[in-house]
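The values are calculated or read from the model by the stated rules, or taken from the named source; none is laboratory data. What you are looking at is a predicted structure, and each value in this text was computed from that prediction instead of being measured. Here the Cβ positions follow ideal geometry from the backbone for every residue, glycine too, while neighbour counts run over all protein chains shown. The area values use the complete protein model at the heavy-atom level, side chains included, leaving out ligands, DNA and RNA. Shrake-Rupley method; radii C 1.70, N 1.55, O 1.52, S 1.80 Å.
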Amino acid sequence: MIRMLGAMVDASERAEELVGALEAGLAEARTRADNLKKRPRVFFEEWDDPLISGIGWVSELVEIAGGIDIFADRRNHGAAKDRIATAEDVVAREPDLIIGSWCGKKFRPERAMARPGFDRTPAVQRQAVYEIKSSLILQPGPAALTDGLAELQRIIGWWTKLAG
């Protein structure tokens with residue numbers, strides 16, 4: 001898409017530079033993730049009622065940053081209705097981290113942690129529940145590949161230090 005837009009506005013060279021920088025950033029993130037001793041199981045919560053797991057590119061970014069998306073099996077479902085999870089589904093998959101990003105409203109960690117059964121998850125037991133602003137990660141584009149990925153790396157990095 002970046003290359004196409006660059007060609008449309010006669011900025012192909014600048015578009016190639018941007019693509020190169022984004023690809024280098026992703027490669028660096030993968031290398032960092034490969035060096036992690038332990039990878040956290042992550043529930044990325046895109047919406048709260050009903051619970052909706054992360055869309056495809058978010059799932060991929062979780063893994064690039066070093067996490068394991070507990071609902072990776074749903075990542076190729078573009079429609080949110082096909083990524084609905086129950087609280088029991090989340091609890092059964094035992095996330096180490098819960099990362100929320102509710103499009104259009106602020107994620108409330110205390111509400112997520114208070115759900116029935118969530119107190120049995122490692123994420124809630126360690127209070128490892130975080131928000132990433134939706135503008136950084138839920139919009140497909142460069143911000144997700146830079147700022148969104150950086151936030152995922154920061155959160156996963158914090159968790160790996162805690163987990164030892």
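Computed from phi, the 3J(HN,Hα) profile of segment 128-142 under the Karplus parametrisation 6.51, -1.76, 1.60 (θ = phi - 60°) reads 9, 10, 9, 10, 10, 4, 4, 5, 8, 9, 8, 9, x, x, x Hz, with x in place of Gly and Pro.
Rounded to the nearest 20 debye, the dipole magnitude of segment 95-137 is 160 debye, with +1 charges on Lys and Arg beta carbons, -1 on Asp and Glu beta carbons, and the Cα centre as origin.
In the chain, helical runs assigned H by DSSP with n ≥ 4 each contribute -39500 (n - 2.57); averaged across all residues and rounded to the nearest 500, the mean residue ellipticity at 222 nm is -12500 deg cm²/dmol. Across the accessible surface of the chain, with the other protein chains kept in place and a 1.4 Å probe, carbon and sulfur atoms take up 52 percent. What the phi angles of segment 95-100 give under the Karplus curve with 6.51, -1.76 and 1.60, with θ = phi - 60°, is a coupling list of x, 7, 10, 10, 10, x Hz, glycine and proline written as x.
Given +1 at the Cβ of Lys and Arg, -1 at the Cβ of Asp and Glu and no other charges, the dipole of the chain around its Cα centre is 560 debye to the nearest 20.
Each Cα pair under 8 Å and six or more residues apart adds its sequence gap; the mean of these over the residue count of the chain is a relative contact order of 22 percent.
With the dipole of the chain worked out from charges on the C-beta (+1 for Lys and Arg, -1 for Asp and Glu) around the Cα centre, which of VAL90, ALA144, TRP57 lies farthest toward the positive end? Going by the Cα projections, it comes out as VAL90. What accessible area per residue, rounded to a whole number of Å², is obtained for segment 30-103 using a probe radius of 1.4 Å? Per-residue accessible area for segment 30-103 comes out at 45 Å². Loop-located chymotrypsin sites (Phe, Trp or Tyr not before Pro) across segment 1-67 with a Cβ neighbour count of 16 or fewer within 10 Å are lacking, with loop assigned by DSSP.
Longer than 25 Å from Cα to Cα, which of LYS81/LYS161; LYS133/LYS161; LYS37/LYS133 are they? Say none if no pair is. From LYS81/LYS161; LYS133/LYS161; LYS37/LYS133, over 25 Å: LYS81/LYS161; LYS37/LYS133.
Taking the centroid of alpha carbons for each part, segment 105-132 and segment 8-45 are 28 Å apart. When the alpha carbon gyration tensor of segment 27-68 is reduced to an equivalent ellipsoid, its three semi-axes come out at 23, 11, 5 angstrom, largest first. Among the trypsin sites (Lys or Arg not before Pro) in segment 78-108, those located in a DSSP loop and surrounded by at most 14 other Cβ atoms within 10 Å of their own Cβ are LYS105, LYS106. Think of segment 1-80 as a dipole: +1 on every Lys or Arg Cβ, -1 on every Asp or Glu Cβ, centred on the Cα centre; then among ALA72, VAL19, ALA33, ALA33 lies furthest on the positive end. Across the chain, Cα-Cα pairs farther apart than 24 Å form 35% of the total.
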